[in-house]
Each structure stands twice: as structure tokens, then as C-alpha cells.
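Down below is the structure, laid out as C-alpha cells.
The values are calculated or read from the model by the stated rules, or taken from the named source; none is laboratory data. Being a predicted model, the structure only gives us computed values, none of them experimental. Cβ atoms come from the backbone with ideal geometry, glycine included; neighbour counts cover every protein chain shown. We work out accessible area using only protein heavy atoms, side chains counted, and drop any ligands, DNA or RNA first. Shrake-Rupley method; radii C 1.70, N 1.55, O 1.52, S 1.80 Å.
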Amino acid sequence: MAFLDLFVVALIPVLKTLLITAVGFLLGVPRVNILGDSARHHLNNVVFYVFIPALVGGSLADTVTASSIVTLVDGLCR
């Protein structure tokens with residue numbers, strides 16, 4: 001029973017990702033045409049200019065610390 005519980009816990013994030021991907025795919029495909037051409041264009045701009053920099057900034061916030069910045073600046077000044 002423990003293996004099944006662990007499997008379900010590991011599977012839930014994967015299923016959430018696949019669900020979001022499927023919804024995004026359906027919204028973005030011109031054949032389904034849920035969004036119009038201009039709405040797809042504006043949504044693409046929002047993703048490109050807002051969400052991608054936020055994702056990069058969030059990843060950098062997790063990895064960059066004050067000590068790593070001091071080390072970087074110290075290495076550049078030499």
C-alpha cells in the first residue's frame with residue numbers, strides 16, 4: 001500500500017502539468033479556434049514578456065545568494 005501511495009503522490013504533479021499543457025494546446029491551436037487571432041497574439045506577447053522573465057527571475061532567486069554575488073564581483077574586479 002505504501003508503494004501505491006508514493007506512486008500517486010509522484011504522479012499528481014505530472015498529471016497537473018499534462019493537464020495545463022493540454023488546455024494551453026487547445027487554446028493555442030487555430031483549428032479549435034477558441035481564441036481569435038488577435039487574442040492568441042496578445043496571449044503570446046503576455047507569455048513572452050511577462051511569464052518567461054518571471055520564470056527566469058524566480059529560478060535566479062532560488063540560486064543566487066548574497067555570497068555568490070560577492071564572489072562574482074570579487075572575481076570580476078581582479
Next item on the list: Please report, in debye to the nearest 20, how large the charge dipole of the chain is about its Cα centre when each Lys and Arg carries +1 at its beta carbon and each Asp and Glu carries -1 there.
Entry: 220
Item checked: In degrees, nearest ten, helix 37-46 long axis to first principal axis of the chain (Cα) -> 20
Checklist line | Largest to smallest accessible area among 26, 35 [probe 1.4 Å] | finding: 26, 35
Notebook entry, point to check: From the square roots a ≥ b ≥ c of the eigenvalues of the alpha-carbon gyration tensor of the chain, which class results: rounded (a/c under 1.5), prolate (a/b over b/c), or oblate?
Noted result: oblate
Next item on the list: Roll a 1.4 angstrom probe over the protein heavy atoms and tell me the percent of accessible area of the chain that is carbon or sulfur.
Entry: 75
Item checked: Over the chain: helical MRE at 222 nm, DSSP H runs n ≥ 4 each giving -39500 (n - 2.57), nearest 500 -> -25500 deg cm²/dmol
Check: If you roll a 1.4 Å probe over the heavy atoms of the protein chains, what accessible area per residue do you get for the chain, in Å²?
Finding: 88
Item checked: Extension reserve of the residue 21-residue 7 stretch, reckoned as 0.36 nm per residue once the Cα distance is removed -> 2.9 nm
